[in-house]
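Down below is the structure, laid out as structure tokens.
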């Protein structure tokens with residue numbers, strides 16, 4: 001437990017160190033370069049947000065389709081069970097009838 005906390009703290013420190021290093025590098029750059037990078041990053045963020053919304057819609061559509069298919073399959077499965085039960089009942093009745101007929105002979 002303590003080892004994992006220490007490793008977690010070390011990874012957090014490393015992540016913070018990397019972020020600080022990037023920040024210092026950005027501050028040392030030319031103003032036009034900073035603006036260009038800011039524009040590129042904001043464009044990337046916009047694209048990622050749009051992609052996220054598209055994926056969320058596709059996921060919702062696939063969930064709805066799965067739910068509909070499960071309902072159809074349940075209905076089909078129920079009909080198959082009913083049909084099998086009815087046909088088995090008929091088979092059992094025929095067997096019992098033939099057994100009774102043999103008993104009478």
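Please treat every number below as a calculation from the coordinates, not as lab data. Here the structure is a predicted model, which is why all the values come from computation and not from measurement. Cβ sites come from the backbone with ideal geometry, for glycine too, and all protein chains shown count toward neighbours.
In plain terms, the chain from residue 15 to residue 41 could stretch by 7.4 nm, reckoned as 0.36 nm per residue minus the Cα-Cα distance. On the beta carbon distance between residue 33 and residue 58, with R0 = 30 Å, the FRET formula returns roughly 0.20.
With R₀ set to 41 Å, the beta-carbon distance separating residue 48 from residue 80 gives a calculated FRET efficiency near 0.30.
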